[in-house]
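Engineer: Pasting a structure below so you can have a look.
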Amino acid sequence: MKLKNLFVITAAALAAAPALADINIGVVASLTGPAAALGAETRKAVSLFPATVGGEKVNFILLDDTTDPTAAVKNARKLISEDKVDAILGPNLISTATAMADVVNGEKVPMISVAPLDVSGDKRGFVFRSEPSADLMVQRVVADMLANGVKTVGFIGFSDSWGEVLHKALTKAAEGKITIVASERYGRADPSVQAQALKVISAKPDAVFVGASGTPAAMPQITLRERGFKGRIYQSHGVTSKEFLRVGGKHVEGALIPVGPVLVAEQLPDSHPSKKSAVAFVQALEAKYGADSRSTFAGASWDALAAAAERHHRRAEGQAQGGHAGIPRRPA
């Protein structure tokens, strides 16, 4: 995740912009439903968002998509038609982000997804993301597998778009290097993965990659350990929160996870371009929510605001010079 220039963009950059009417920002998050653990992290970031930037008032409208693409689309339409938002931040999932993409592109309102949504063609026009791609993060997972002698891997992932994205990324990164000997799926709200875990274990993989996110991602690892699997277990970057550790308990000790700078901010070398801004964000977050409350989801949500602020700053600069830059403000 990019945290470079996080506070610089949201504070210093906008301070130089000429005063305009209120800025309206919509935020869509999964505050309830199977992905509620992810939405909770977005809510934390929203609570840190500034009330004003550069002398301009910012109004944030936070809506719950209930982990449902249909509700996400309804929220997007409301934010655009009724609240007249200048931009939308979120949502947390690829499935809900994909559903919202057509709406924001049709209305020409920028959406900065907290989920690692990858769109192409005409859909790329008004859709952006603040999270690194699944391909990038899974490449790091496979690199670690190879460095540790893994020759075969089992996959247990969600039976939705996020699970499919991670499975494709694993297949692509492992091609010609590591053999995928088992592929099993489960639903975010499923009460058990006993059958899937047994099938994966029976294939005798050297390692298992769990293609899931949030607290539901803990269940496969818990089950695998309880069933005696001793190999390496990798999780996606979609699990990095305190809630995942709480739910998984001792069974997720030793989980191998690719992460962005915000989770290891203090461990970064001073020369790292993200260290200063990452440490500043972590300190602000933990001052309000306590030690170890950091997460990639809160960081990605803040990054989304930073990106929106940068676009606003560029637009304001263009207007000040008698031209146009970025996305025009929506009429009241």
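Values in this text are rule-based calculations from the coordinates and carry no lab data. These numbers come from a predicted model, not from an experiment. So basically every Cβ, Gly included, is an ideal-geometry build from the backbone, and we count neighbours across all protein chains shown.
Engineer: For a test of the definition: using alpha carbon positions, the gyration tensor, and the 1.5 limit on a/c, classify the range 236-294 as rounded, prolate or oblate.
Structural biologist: Because a/c hits 1.5 or more and a/b fails to exceed b/c, the range 236-294 counts as oblate.
Engineer: In deg cm²/dmol and to the nearest 500, what is the mean residue ellipticity at 222 nm of the chain if only DSSP H runs of at least 4 residues count, each as -39500 (n - 2.57), divided by the residue total?
Structural biologist: Rounded to the nearest 500, it is -13000 deg cm²/dmol.
Engineer: Starting from the Cα of Lys250, draw a straight line to each of the aspartates and glutamates and keep only those under 15 Å, dropping any in the same chain fewer than 8 residues away.
Structural biologist: List returned: Glu226.
Engineer: Cα centroid distance between the range 35-81 and the range 184-263, in Å?
Structural biologist: Rounded to whole Å, the Cα centres lie 29 Å apart.
Engineer: Counting only DSSP beta bridges with both residues in the chain, tell me the antiparallel percent, nearest 5.
Structural biologist: In the chain, approximately 5 percent of DSSP beta bridges are antiparallel ones.
Engineer: Gly254: net charge of surrounding residues, Cβ under 10 Å, Lys/Arg +1, Asp/Glu -1, itself excluded?
Structural biologist: +2
Engineer: A further question on this structure: May I ask you to list the aspartates and glutamates whose Cα is less than 18 Å away from that of Lys230, ignoring any residue fewer than eight positions away on the same chain?
Structural biologist: Here the aspartates and glutamates satisfying the reach criterion relative to Lys230 are Asp144, Asp206, Glu253.
Engineer: Still on this structure, I have one more. Given Lys57/Lys84; Lys84/Lys242; Lys78/Lys168; Lys108/Lys276, which pairs have Cα atoms separated by over 26 Å?
Structural biologist: Lys84/Lys242; Lys78/Lys168; Lys108/Lys276
Engineer: Which whole-number percent gives the relative contact order of the chain, counting Cα pairs below 8 Å spaced six or more residues apart?
Structural biologist: Numbers: 664 pairs, mean separation 69.3, N = 332.
The normalised contact order for the chain reaches 21 percent.
Engineer: Please work out whether the range 134-259 counts as rounded, prolate or oblate from its C-alpha gyration tensor, where a ≥ b ≥ c are the square roots of the eigenvalues and a/c under 1.5 means rounded, while otherwise a/b larger than b/c means prolate and anything else oblate?
Structural biologist: rounded
Engineer: Quick one: longest stretch of the chain between exposed loop GluC sites (Glu not before Pro), exposed meaning at most 11 other C-beta atoms within 10 Å and loop per DSSP?
Structural biologist: Counting at most 11 other Cβ atoms within 10 Å as exposed, the longest clean stretch of the chain is 83-174.
Engineer: Using a 10 Å cut-off around each Cβ, can you sort Ile201, Ile25 from fewest to most neighbouring Cβ atoms?
Structural biologist: Lowest count first: Ile201, Ile25.
Engineer: Next question. Shape of the range 164-236 from its Cα gyration tensor (a ≥ b ≥ c, root eigenvalues): rounded if a/c is under 1.5, otherwise prolate when a/b > b/c, or oblate?
Structural biologist: Values: a/c = 1.84, a/b = 1.24, b/c = 1.49.
Oblate shape, in that a/c is at least 1.5 and b/c is the bigger or equal ratio.
Engineer: Check each of the trypsin sites (Lys or Arg not before Pro) in the range 187-235 and keep only those in coil by DSSP with at most 11 other C-beta atoms within 10 angstrom; list them in order.
Structural biologist: Lys230
Engineer: Here's something else I'd like to know. Can you sort Ile233, Ile112 from fewest to most other Cβ atoms within 10 Å of each residue's own Cβ? Write down the numbers at each step before the final one.
Structural biologist: Values: Ile233 22, Ile112 26.
Ordered from fewest to most neighbouring Cβ atoms within 10 Å, Ile233, Ile112 come out as Ile233, Ile112.
Engineer: Moving on to the next point. Which ordering of His167, His251, His237, His272 is given by a fewest-first count of other beta-carbon atoms within 10 Å? Present the calculation step by step, with values, prior to reporting the outcome.
Structural biologist: Values: His167 20, His251 17, His237 25, His272 14.
Ascending Cβ contact count within 10 Å gives the list His272, His251, His167, His237.
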